[in-house]
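Asker: Handing you a structure now.
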Amino acid sequence: MPDIKLQSRYDALMRTTLTLEPDVAQQIRRRMAQTKLPVKRLVNHALRAGLSSSQKGTKVRYTVEPYPCEFKVSTRANSISSWTTWMLKSF
């Protein structure tokens, strides 16, 4: 669990302590080696990107694939009764 402390004194922000989990720290080290950016800029960029993407309200698209079923419509006068009987026999 990250341990973030943000303190202000006389309206001036002080340094923030951020405790990273080992896997996150390793990813940051790798990204620092790739981009040659200092840790401060890299973490700020990653936080901004993550926070802005969560505010966009991205929606997950679902696809429904229909398939043929064996349901047959009855035209008899007692169709509800026959449908109920058919359903009970199906299970």
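Every number here is computed from the coordinates shown, using simple stated rules; none is lab data. Because the structure is a prediction, the values reported are computed rather than measured. Virtual Cβ from ideal backbone geometry, glycine too; neighbours counted across all protein chains shown.
Asker: Ranked by Cβ crowding within 10 angstrom, fewest neighbours first, how are L51, L42, L18 ordered?
Answerer: L51, L18, L42
Asker: Which ³J(HN,Hα) values in Hz, rounded to whole numbers, follow from the phi angles of region 38-49 under the Karplus curve 6.51 cos²θ - 1.76 cosθ + 1.60, where θ = phi - 60° and Gly and Pro get x?
Answerer: x, 4, 4, 5, 5, 5, 4, 4, 5, 5, 4, 5
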